[in-house]
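Taking it in order: structure first as structure tokens, then the write-up.
Throughout, read-outs are computed from the coordinates displayed, never taken from laboratory work. What you see is a predicted model; the values in this text were computed from it and never measured. Note that each Cβ is placed from the backbone with ideal geometry, even for glycine, and that neighbours are counted across all protein chains shown.
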Amino acid sequence: MDTSVHGPRSILLAIYLASTSKTDELCRLFGSAAWTAAATPSQALNILLKFVPETTEPSSYLPLVFDIAYSRLEETDDCEGLTDLLPDWIRLLDDDAAKQVGEELLSHGSAWVEFHEGDQQFTITSWMFARIYLIDSSIGVFDLIDAIVSAAISERLPDAVMQWRDGILRPLQLFYVYYPTAVDKTSYQLQEYTSLNTQVIVEHFLQYSTANTVNRDVTMIITPYLSYKHTISKGTEKPWDSFYRWLVVTAATNFPIITELARQWNGPEDDPSALIDYVSAIIASCYQCPEARSEYFEAMHILQKRGIYLVNMDDEVVVDDDQPIEAQMAYDGDADSAFTFPECPLYQATHSNLYLLDQLITSAAMISVYVPTTLQSIARLRFFASHRAQVEFLVRVIRGNSKEFAYRDDSNWRTLRSGLRWLKSKSYVLSKLSDADIENAFLGALLDFGRINLVREIFIDPIQSPLELEDIEAHVLRAFREHYDAASNCNATRGSLKTASQVLHLVYPSMLETDNLERAELLLKATHELSKYSLVLVQGVPLAPLQIRISNDPEQIVSQLLQTNEKAYLQLDEMISITKNLIIGLDRPLDILHGIEFRVIRMCVYAALAADDFSMAYDYCMNKLLSHADEINAVDKDLLWQVFFAAGRYVSPNAPSISPSPGFQAAARTPMMMLQLNNRMKSLRLQMELLSRALDICPERHMFEILNIWQDYELEVAQFTAN
């Protein structure tokens, strides 16, 4: 049996020695003529790579790797010594079997490195990374990997390995120290931290960061990692952009993290362009913040000041664009796509953009006191909102929470007004509005909320009012109607109707006297006069001003008033005044006023009869109706005779009978009875007079009906006279 070390046996012996960590003997074998004749340096490197146990001290085999790479193995010819190293299982194999076993062992697994004779550092670097990744994939113990890149050997480890150690391994080790309970510790193989997209790894490293830990994580983990990525890219990539994208995205969900980081971290120290990009990310983060609370705006101001500090600290400040920012934003697209990072012109790290940021933060904070509004919404309002959209926003800001605003004092309203003017003329958030737009919206709100004294102070008393009189009148009339409709009763000294009166009398009649204002005054007067009476138009609901304003028939309101208020007919002049004022105040056709006195007197006659007040009914007929007979139209003339007829044939339920029933034995009449009979006789004569008037003016077809009653009265008078 041949027991010499030669050919395939040399390879099997090398595998055996490597697997038992006998690196000294392995060094002798690699320097022997038998090995040189049977194998290549690449095979030697791969035997060390694959078969030296992971737990073997790297300082014992790394020098051998260097020696192979530099082809400086000491040549030996100790064949007998090598033969003694052969284990029995190799001795028993013939050359063919040994060759087959050796090839199978070496081909196992995908790890393989090549010997590059002209590039020793590349050979060593390739072997060390292959060894690191092989250990990671098999057992994944960082301490064993750290031992390789920290081995105390006389040779200097390749720069690429040292850079990898500082930029990948060390940050990863710290990540696991900082977050030992991280659920996805094994999410990526060690090699993937180099090969995967930088954005993915940045998000992985920062997934557990909080406001308290983010500065530490960025300083100790992200900075070395991205510096390493920058180094290996040789300037062809901008790895810091991945981190800045994380900053901007995170600002939309966890703005305090960004605030704390910017307070403490001054950005990359060895990359001026990355520092400027950091300022851009800070600016963009502010615009991405979804919050509209005061503490967030305060934090944004801190970031803005940090941005100024960092820009001033850098020598390569971005020069302001000659093109106005409005033009840049308009060119950039629509509002939905304009705020993407890093393309948005607002995000450029220039002094003008930082100044603009300060103004917009101040604007958002000011507006959010009234209507919560994010910084980006303010920017959209300035750069993309139409005039109409800005007006609508202005109204929302001024009116805010109506219930809350109703109790704001005048100083709050003054502050709001000056703030709105600043938003237009200084920060240009409302630049598409005119001064009149703001004053109109403000006046409308003040009137609606009943701030009468403030309206007088700002719009009425000044010699030069900020609005034209026509605008003021329009607002007064609109607000008058709103308060009028909101009133629950018709008394102009209480509630919303009192406010309506105050609004109207701001300008009428001292400042303006127009037909519209006069109509409002007459409606108010009529409404207040109606408050003296009990009146229900809708069953169970007392009369409200809104019911008056939407009524189609003002006369019907007075008619119902007379029906439901027993003595109201006595107030004839007031009834006429109310009716006229309602017709004019409600802007009904003025031809309705023709004959209105007649129609109201007619209603009062019927109301007097219903109240058994014949004397007043007679007085209204003879002394009031006849005086208006020449003023009425044909329809009303047809009603005139009916009024006289109704009053003439009226019989009081309390009137005594003049002629007794047949067979009735008359008793002696007392003085009281005689008085009643005399009154009855007087009434009969008055009624006959009324019937005579009715006969004079009635249509011929109704004369017979009137004459019958007149004759009955005549007979009754004759009987009384005979008795």
The answer for SER32, listing residues at least 5 apart or on another chain whose modeled amide H is closer than 5 Å to its amide H, is THR76
Taking a straight Cα-to-Cα line shorter than 16 Å from LYS424, and setting aside same-chain aspartates and glutamates fewer than 8 residues away, one finds GLU326, ASP358, GLU392, ASP435, ASP437, GLU439
Total charge of the residues flanking LYS532 in space, meaning their Cβ is under 14 Å from its Cβ, with Lys and Arg +1 and Asp and Glu -1, is -1
For the chain, the dipole about the Cα centre with charges only on Cβ (Lys and Arg +1, Asp and Glu -1), to the nearest 20 debye, works out at 4480
In Å, the Kirkwood estimate of hydrodynamic radius for segment 1-157 over Cα pairs equals 15.9
For ALA147, the net charge from surrounding residues (Cβ-Cβ under 12 Å; K, R +1; D, E -1) works out to -2
Here, ASP146 and ASN633, labelled 7 Å along Cα→Cβ, have an inter-label distance in nm of 10.6
Here segment 372-383 yields Karplus 3J(HN,Hα) values (6.51, -1.76, 1.60; θ = phi - 60°; whole Hz; Gly and Pro given as x) of x, 9, 6, 4, 5, 4, 5, 5, 4, 4, 6, 8
Under the rule rounded for a/c under 1.5, else prolate if a/b exceeds b/c, else oblate, using alpha carbon gyration tensor axes a ≥ b ≥ c, segment 538-601 is classed as oblate
Looks like segment 104-187, by Cα gyration tensor root eigenvalues a ≥ b ≥ c and the a/c under 1.5 rounded cutoff (else prolate when a/b is bigger than b/c, oblate otherwise), is oblate
Simple spin-label estimate for LEU85/VAL371, 7 Å along Cα→Cβ, in nm, reads 8.6
Note on segment 420-485: alpha-carbon gyration tensor, axes a ≥ b ≥ c; rule is a/c under 1.5 for rounded, else prolate if a/b larger than b/c, else oblate; result prolate
Given the candidates ALA182, THR374, ILE132, the one whose Cα lies deepest towards the positive end of the charge dipole of the chain, counting +1 at each Lys or Arg C-beta and -1 at each Asp or Glu C-beta, is THR374
Measuring from the longest principal axis of the C-alpha atoms of the chain, the long axis of helix 255-264 (C-alpha) lies at a number of degrees, nearest 10, equal to 50
Length gained if ASP712 through GLU203 is fully extended, taking 0.36 nm per residue and subtracting the Cα-Cα distance, is 172.1 nm
Total charge of the residues flanking ARG519 in space, meaning their Cβ is under 13 Å from its Cβ, with Lys and Arg +1 and Asp and Glu -1, is -1
Taking ARG9, ARG588, ARG165 and counting other beta carbon atoms within 10 angstrom, the fewest-first order is ARG588, ARG165, ARG9
Length-normalised contact order of segment 1-157, Cα under 8 Å, at least 6 apart, in percent, tallies to 31
Pairs over 28 Å Cα to Cα, from LYS234/LYS305; LYS498/LYS624; LYS580/LYS637; LYS624/LYS682, come to LYS234/LYS305; LYS498/LYS624
Taking N as the residue count of segment 454-608, its alpha carbon Rg divided by 2.2 N^0.38 Å gives 1.12
Simple spin-label estimate for LYS682/ASP334, 7 Å along Cα→Cβ, in nm, reads 9.0
So the angle from the long Cα axis of helix 120-138 to the longest Cα principal axis of the chain, reported in degrees to the nearest 10, equals 60
Hull surface over four for the Cα convex hull of the chain, reported in nm², is 61.0
Protection proxy (average C-beta count within 10 Å per residue), highest first, orders 348-355, 679-686 as 348-355, 679-686
Taking the reciprocal of mean 1/r across every pair of different Cα atoms in segment 451-538, the Kirkwood radius in Å is 13.6
If unit charges are put on Cβ atoms (+1 for Lys and Arg, -1 for Asp and Glu) and the dipole of the chain is taken about its Cα centre, the option from SER531, VAL395, TYR355 lying farthest towards the positive end turns out to be SER531
Measuring from the longest principal axis of the C-alpha atoms of the chain, the long axis of helix 95-107 (C-alpha) lies at a number of degrees, nearest 10, equal to 30
If each part is reduced to its alpha-carbon centroid, segment 361-435 and segment 461-484 end up apart, in Å, by 22
1/(1 + (r/R0)^6) with r = Cβ-Cβ of SER187 and THR236, R0 = 30 Å, i.e. FRET efficiency to nearest 0.05, evaluates to 0.65
Dipole check, the chain, charges on Cβ (K,R +1; D,E -1), about Cα centroid: among LEU17, ASN312, VAL113 the Cα furthest to the positive pole belongs to ASN312
Contour minus Cα-Cα span, THR253 to ALA474, at 0.36 nm per residue, comes to 74.9 nm
Given unit charges at Cβ for Lys, Arg (+) and Asp, Glu (-), the dipole magnitude of segment 52-208 about its Cα centre in debye, nearest 20, is 1020
Most packed first (mean Cβ within 10 Å per residue), the peptides 297-310, 545-558 order as 297-310, 545-558
